2 protein chains.
Amino acid sequence: MPDSLRQFKADIFQALAHPTRIAILEFLSEGELSAGALIEKLGMDQANVSQHLAVLRARQIVVNRKAGNQVFYSIRDPTIGKVLALMRKYFHTQLKETIGMLDEMEHTR
Amino acid sequence: MPDSLRQFKADIFQALAHPTRIAILEFLSEGELSAGALIEKLGMDQANVSQHLAVLRARQIVVNRKAGNQVFYSIRDPTIGKVLALMRKYFHTQLKETIGMLDEMEHTR
DNA sequence: CCGTTATATTAGCATTTTCGCATATACTGA
DNA sequence: TCAGTATATGCGAAAATGCTAATATAACGG
């Protein structure tokens, strides 16, 4: 595989590599939301959220729709939602293993 | 979801967000490889590859096994392989859409 | 046209990442 | 123990990222 394709994938992962952007995508995975609604749900600064949205837009992970005064965001390809769901599963496995390890250490103390 | 969990996910994505590390994981998804074998397949500097392996190790995405002189790496959880496979699919969709768009532009020129 | 609301963009700064190079560590066989 | 091979680590510079504060743009109601 040419490196440019790997660069493309790396760029997508890079876009996902921030807690705020993950939060944004988790909210959006339940449906379209306005920028303002996201800002409120996240409880973060307007400019900050807008910048994170710009990152997601640049990678075409989200698309936006202008309606009068507001801008509504949604996830462009549901595959991204699946990636996040897989990540959730991965996280649970990792967590369980860690707990198991701690448990083991407890017993052999 | 607490932000610390999102930070954890973000850290995993961060670890995947580099073309070289994606290449490493794609090679490893076919099975265990020694550091030297990876360096040869990648055609990159030894120290550089070693540093990327360190990133993947720190996030526990890969594990290593020492055998005499060499160190063999493998992917710890197959879920990571699935994430990469999904990414491949995502990439194809995106590519097809882009081509379709270009095609459209061609016809309406 | 004006003030207000919603959103985006810019600039400056601190932090993090990546790379190349040099060096360190670990194991092997003679 | 010594030379050689395999791998890891430390360090400094350059580039990318993220935050805050300020400013810009766009649409609305009056």
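What follows is calculated from the coordinates using simple rules that are stated; it is not laboratory data. Being a predicted model, the structure only gives us computed values, none of them experimental. All Cβ positions, glycine included, derive from the backbone under ideal geometry; neighbour counts span all protein chains shown.
Across the range A:1-40, the qualifying residues are those that are outside any helix (DSSP H, G or I) and among the aliphatic types (A, V, I, L, M), and the one among them that is farthest from the other protein chains (Cβ to nearest Cβ) is A:Leu33. Look at the range A:62-87: where a residue is facing chain B (nearest Cβ under 10 Å) and a partner is within 13 Å of DNA strand D (Cβ to nearest atom) and of a type in the set (Phe, Trp, Tyr), sitting 6+ places away or on another chain with Cβ atoms under 8 Å, you get A:Met87/B:Phe13. Within the group A:Leu53, A:Leu86, A:Leu38, which residue is touching a strand residue (DSSP E or B) at 6+ places or on another chain (Cβ under 8 Å) and within 28 Å of B:Lys96 (Cβ to Cβ)? Selected residue: A:Leu53, the only one of A:Leu53, A:Leu86, A:Leu38 that is touching a strand residue (DSSP E or B) at 6+ places or on another chain (Cβ under 8 Å) and within 28 Å of B:Lys96 (Cβ to Cβ). Is it the case, given these coordinates, that B:Phe72 is at negative phi, within 13 Å of DNA strand D (Cβ to nearest atom), hydrophobic (A, V, I, L, M, F, W, C) and surrounded by 15 or more Cβ atoms within 10 Å (Cβ to Cβ)? When the stated conditions are applied, B:Phe72 passes them.
Residue by residue, here is whether (1) within 24 Å of A:Pro19 (Cα to Cα); (2) near DNA strand D (Cβ under 9 Å from one of its atoms) holds:
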position	(1), (2)
B:Lys9	yes, no
B:Gln14	yes, yes
B:Leu28	no, no
B:Leu38	no, yes
B:Lys41	no, no
B:Ala54	yes, yes
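The set of residues in the range B:34-80 that are within 14 Å of DNA strand C (Cβ to nearest atom) and acidic (Asp, Glu) contains only B:Asp45.
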